[in-house]
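Colleague: I am attaching a structure below and will ask some questions about it afterwards.
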Amino acid sequence: MTVQVRADRELGWTRADTVRTVIAVAVAAVLLGLAGYLSATDGEGLGGSNAALMLLIGAGLGILFERGRYCFFCVFRDLFEKRDSRGMYAILVSIGVGTIGYAVIFSTRIPTPTADNVPTDAHIAPVSLALVIAGLAFGLGMVISGGCIAGHLYRLPEGHLRSIPALAGVVLGFGLGFLSWDAMYSGFILGAPATWLAAGNGYVLAVLLQLGVLVGLGVLLLRWNPPVQGRGDRVVDAAEVRRLVFFKRWPALFTGAAVGILAILAYYKDQPLGVTQQISSMTRTGMTEAGWMDGFMPGLDERLAGCVAMVVDTITTNGWLIVGIVLASLAVALPGRRVRVEKTTAFNSLTALGGGVLLGWGAMIGLGCTIGVLLSGTQALALSGWVFGAAIVVAAGLGFRFGLHRKAAPGVF
Amino acid sequence: MSTDESTAGAGAPTPRKSAGRTAIAVVAAAALAGTAGFVVANSTGDDAGSTTAGSDTAGSDSAESGGTGSGDTATTVVAADIPGEHRGFDEVHTEEPLATTDWLAERLEEGELHEQGIVLLDVSENLPSSELTPYAEAHIPQAQYVEWSEEFTAPNTREFISAEEFTELAQSLGIGEDSTVVLYGDNNNWFAAYASWVFNLYGVEDVVLLDGGLHKWELYDERELVEEVPSVPAGNFEAKPQNHDLRAFQPEVLEIAEQNTEADGDAVAAVNLVDIRSAEEHDGEVGVDPDIFQGEGAAVWGHIPGSVNVTWTQIVDEETGEFLPAEEIRSIYEEAGVDFDDPIIAYCRIGERASHTWYALSQILGEEVKVYDGSWSEWGNSVGVPVANNSGERAGLWGQSGD
């Protein structure tokens, strides 16, 4: 039996490719130079000794997000709209790999996990109605604005200009979140249990349970896994490597495993992955300075874990992570001809802004986003990560079903 | 989970086998759900207990190690000599201990403060997180700056400068025998209150705090700040030896703690101990954040047995930063269990916030109050002294609480 396979299109090399490559190399050089500088100065006054490492971890994430399309918006859209679950496996694998790594790190620090010694630096947050509401708002905001917060960060260099109003909306949303924090905290969060699955059960049972759930989800999602298109016989030469690295989407399993490993590294050396801390902290500092809010926030400043906003004067390691994501995404998107300015209108900018407000508000009340709470939370064996994730999936499912993303940006999708 | 599996699975499912598959899937899902329910219930059940526990349950769990066993005992509390005398509280208590920002603004309108017998001093902590303008950038007109950590403490020793050195400092600031010293600072006057206590220690009689401090002046009233640093004529103040009626040392506190420890941590001694740190620190759930307060850490967490916990924030108005009315302050401490018939010793971590409470209790209410300036950074690092911990577990260096 002969199978008809579509031949790969010749890539060729144009003048534009030369320009793109030069820019990409320059961006990469800036990134590495910055890391070298931070390393040489020990990050003095610029986030401390972990600044260089977190910049590079951010760069790794930027590359993986861009090349593996590790984007919660895209993955959920594929799932709910195109009935294609392939991207979901990257997320499941990253949670699985991260879970094991986190458990190893936990076990060296806390031999006997109980509810009294929950690791305070991991993102284990109270499970309350507020978390569900935050997840629903976040999921809806993601559908409307065309990406989650991490997604906007890496898609902006790809030319997704709606990310600009969306990120502006995120800042506004954080502001609204701070103003409504007192009510949400005293109404729902105060006294809610911060359930850590390892507490009282040991790491083995908790990890096995999570891996079991992940496998279960993986089996369930097979129903929506479309047939794989074959490719013809080929020699791995320079052109093929170029195609695989810069043009073809990286395999979900590789992307997921690599994200999981970076998450472990980040937690081991510095703090759990998350992309909102620097942004929300800057928002808060600005608002405090403008006198729009008090310097002290009950609950938030005392004991809650997550991508919590502090009053900061300078860039933190979290800021370097974001810089790394944005620059590296640009550097790898360019050689693959993936930087294209997308159609942007006044209307779809406005909806992106509105969606961004929902994202920001949800991330503030939920103490993080898809990366900080969903990914870093589940990896840390926190029930909050699962609850937030479930709320996002429900909201995203409904949003895509009703075509909110198309209504918000007609003609784009 | 691998791609091979997934492509195979999505191929063409045969309807006949689906019944068996469904059964397996149902069993697997049920097992998973059951385990999940068990794990969540297990971890949550524990957790509820720990978050509600904490406050007043185990008065002095670990306070039994006081050394009442048989055989020889060794004395661990060091007997360092600190010169001083007991002069009572007459020169300490002040008629009007608080100056309002309005009053200060009027004095500034009138002209040079030193001609009116007033010395205005800024004593601030200048944490980078502070929203207030540091002295070096701008300050209240005619204010001079006193750096608490260098100017009135001795180098390389945990003690204040000598009386002679204090005379020198005070004269250089323009303090005379009849001067009114007005102190203010950031962070709700913590370090200004600390300075006021030190100034009283050395016999400066008329020391007042600017109520609300720099916060009230700069942010609430939005009054003017200037860059100009004043020069003032030297004063003629002569310092007296430290007034040890204002200052408690560890041996004295240890006696009280031992009495309370024998009564299972109840406050039975005829001296009130007031711990003004946060409830979590008092309970022994947390230590200090070494990133911010390097050098203030303690090896053991908890509180001195029998001390009552009234966090300093409870006695100031949140918006203006001013002290609450005297009677409200009194009732807050009475509710917390302070018996105003007995003298009071206040402590915190290094003594500065305790000075804020000292100011309220001694200067505003007119009670007899000492500051135990060794505070938790001495007590929590001392060998053998009794410690009470409400967290129900070993906390600190030998606990499992991590950092």
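The values are calculated or read from the model by the stated rules, or taken from the named source; none is laboratory data. This structure is a prediction, so every number in the text was calculated from the model and none was measured. With ideal geometry, Cβ positions are generated from the backbone for all residues, glycine too; neighbour counts draw on all protein chains shown. With ligands, DNA and RNA removed, areas are computed over all heavy atoms of the protein, side chains included. Shrake-Rupley method; radii C 1.70, N 1.55, O 1.52, S 1.80 Å.
Colleague: Determine whether A:ALA51 is surrounded by fewer than 23 Cβ atoms within 10 Å (Cβ to Cβ) and in contact (Cβ under 8 Å) with a residue 40 or more places away in the chain. Break it down stepwise before answering.
Modeller: On the way: surrounded by fewer than 23 Cβ atoms within 10 Å (Cβ to Cβ): no; in contact (Cβ under 8 Å) with a residue 40 or more places away in the chain: yes.
In short, no.
Colleague: Tell me which residues, restricted to the stretch A:339-348, are surrounded by fewer than 20 Cβ atoms within 10 Å (Cβ to Cβ) and not hydroxyl-bearing (Ser, Thr, Tyr).
Modeller: Residues of the stretch A:339-348 that are surrounded by fewer than 20 Cβ atoms within 10 Å (Cβ to Cβ), as a first pass: A:339-347.
The answer is A:VAL339, A:ARG340, A:VAL341, A:GLU342, A:LYS343, A:ALA346, A:PHE347.
Colleague: Grab the helices (runs of 4 or more DSSP H) fully contained in the stretch B:232-338, keeping just those with 1 or more residues being over 22 Å from B:GLY380 (Cα atoms) and open to solvent by 30 Å² or more (accessible area, probe 1.4 Å). Give the derivation first.
Modeller: Values: elements: B:250-262, B:279-283, B:326-336.
It comes to B:326-336.
Colleague: Evaluate the following for A:PHE388: is it over 26 Å from B:ALA41 (Cβ atoms) and of a type in the set (Phe, Trp, Tyr)?
Modeller: On the way: over 26 Å from B:ALA41 (Cβ atoms): no; of a type in the set (Phe, Trp, Tyr): yes.
Here the answer is no, as A:PHE388 does not meet what is asked.
Colleague: Look through the stretch A:95-118, keep the residues that are aliphatic (A, V, I, L, M) and closer than 15 Å to A:THR378 by Cα, and return whichever of them is farthest from the other protein chains (Cβ to nearest Cβ). Before the answer, list the steps.
Modeller: Initially, the stretch A:95-118 is screened for residues aliphatic (A, V, I, L, M), giving A:95, A:97, A:100, A:103-105, A:110, A:115, A:118.
When the remaining residues are screened for being closer than 15 Å to A:THR378 by Cα, the result is A:95, A:97, A:100, A:103-105, A:118.
Numbers: A:ILE95: 12, A:VAL97: 11, A:ILE100: 14, A:ALA103: 14, A:VAL104: 17, A:ILE105: 12, A:VAL118: 8 Å.
Top of the filtered list is A:VAL104.
Colleague: When you scan the stretch B:99-209 for helices (runs of 4 or more DSSP H) that lie fully inside it, which ones turn up with 2 or more residues that are without any contact (Cβ under 8 Å) to a residue 24 or more places away in the chain and under 23 Å from B:ASP245 (Cβ atoms)? Spell out how you get there, then give the answer.
Modeller: Details: elements: B:101-110, B:148-151, B:163-172, B:190-201.
Here the list reads B:163-172.
Colleague: Being more than 8 Å from the chain's Cα centre (by Cα) and surrounded by fewer than 23 Cβ atoms within 10 Å (Cβ to Cβ) is the filter here; which residues of the stretch B:346-356 pass it? Give the steps one after another, and end with the answer.
Modeller: Step one: of the stretch B:346-356, the residues more than 8 Å from the chain's Cα centre (by Cα) are B:346, B:355-356.
Result: no residue meets the conditions.
Colleague: Kindly indicate whether A:VAL143 is closer than 16 Å to A:VAL357 by Cβ, at pLDDT below 95 and part of a helix (DSSP H, G or I). Full working, then the answer.
Modeller: Numbers: closer than 16 Å to A:VAL357 by Cβ: yes; at pLDDT below 95: no; part of a helix (DSSP H, G or I): yes.
Here the answer is no, as A:VAL143 does not meet what is asked.
Colleague: Separate question: From the set of residues in the stretch A:212-229 that are under 13 Å from B:ALA33 (Cα atoms) and more than 7 Å from chain B (Cβ to nearest Cβ), which is least open to solvent (accessible area, probe 1.4 Å)?
Modeller: Among those residues, the one meeting the criterion is A:LEU214.
Colleague: Select, from A:THR370, A:THR351, the only residue that is within 22 Å of A:GLY175 (Cα to Cα), of a type in the set (Ser, Thr, Tyr) and open to solvent by 10 Å² or more (accessible area, probe 1.4 Å).
Modeller: A:THR351
Colleague: Please tell me if A:VAL132 is modelled with pLDDT of 95 or more and surrounded by fewer than 20 Cβ atoms within 10 Å (Cβ to Cβ). Full working, then the answer.
Modeller: Details: modelled with pLDDT of 95 or more: yes; surrounded by fewer than 20 Cβ atoms within 10 Å (Cβ to Cβ): yes.
Answer is yes for this residue.
Colleague: Could you identify the single residue in A:ALA130, A:ALA125, A:ALA206 that is assigned to a helix (DSSP H, G or I) and more than 12 Å from every other protein chain (Cβ to nearest Cβ)?
Modeller: On the way: A:ALA125 fails: assigned to a helix (DSSP H, G or I); A:ALA206 fails: more than 12 Å from every other protein chain (Cβ to nearest Cβ).
Answer to the check: A:ALA130.
Colleague: Kindly provide the set of residues from the stretch A:94-129 that are of a type in the set (Gly, Ala, Ser) and open to solvent by 30 Å² or more (accessible area, probe 1.4 Å), ordered by number.
Modeller: First pass over the stretch A:94-129, keeping only residues of a type in the set (Gly, Ala, Ser): A:94, A:96, A:98, A:101, A:103, A:107, A:115, A:122, A:125, A:128.
Residue satisfying the conditions is A:SER107 alone.
Colleague: Can you pull out every residue in the stretch B:14-46 that is at pLDDT below 80 and at the interface with another protein chain (Cβ under 9 Å from one of its Cβ atoms)?
Modeller: First, the residues of the stretch B:14-46 that are at pLDDT below 80: B:14-18, B:44-46.
The answer is B:THR44, B:GLY45, B:ASP46.
Colleague: If A:VAL235 satisfies all but one of (1) within 11 Å of chain B (Cβ to nearest Cβ); (2) open to solvent by 20 Å² or more (accessible area, probe 1.4 Å), what's the number of the condition it fails?
Modeller: Here A:VAL235 clears every test but (1).
Colleague: Within the stretch A:186-203, how many residues are more than 10 Å from every other protein chain (Cβ to nearest Cβ) and either within 25 Å of A:MET88 (Cα to Cα) or surrounded by 20 or more Cβ atoms within 10 Å (Cβ to Cβ) (or both)?
Modeller: Qualifying residue count for the region: 2.
Colleague: Then there's this: Restrict the check to the stretch A:153-173 and report whether at least one residue is away from chain B (no Cβ under 14 Å), touching a Cys at 6+ places or on another chain (Cβ under 8 Å), touching a residue at least 24 places away in the same chain (Cβ under 8 Å) and not in a loop (DSSP other than H, G, I, E, B).
Modeller: Step one: of the stretch A:153-173, the residues away from chain B (no Cβ under 14 Å) are A:153-173.
Checking which are touching a Cys at 6+ places or on another chain (Cβ under 8 Å) leaves us with A:154-155.
Next cut, touching a residue at least 24 places away in the same chain (Cβ under 8 Å) only: A:154-155.
Filter once more, so that each one left must be not in a loop (DSSP other than H, G, I, E, B): A:154-155.
Yes, there is a match, as at least one residue in the stretch A:153-173 is away from chain B (no Cβ under 14 Å), touching a Cys at 6+ places or on another chain (Cβ under 8 Å), touching a residue at least 24 places away in the same chain (Cβ under 8 Å) and not in a loop (DSSP other than H, G, I, E, B).
Colleague: If I ask for residues that are of a type in the set (A, V, I, L, M, F, W, C) and open to solvent by less than 20 Å² (accessible area, probe 1.4 Å), which ones from the stretch B:133-161 would you list? Let's see the steps before the verdict.
Modeller: Step one: filter the stretch B:133-161 for residues of a type in the set (A, V, I, L, M, F, W, C), giving B:136, B:138, B:140, B:143, B:146, B:148, B:152, B:154, B:160-161.
B:ALA138, B:ILE140, B:ALA143, B:VAL146, B:PHE152, B:PHE160, B:ILE161, listed by residue number.
Colleague: Quick one: would you say A:SER49 is out of contact with any Lys or Arg (no Cβ under 9 Å at 6 or more places or on another chain) and modelled with pLDDT of 95 or more?
Modeller: Taking the combined requirement at face value, the residue does not satisfy it.
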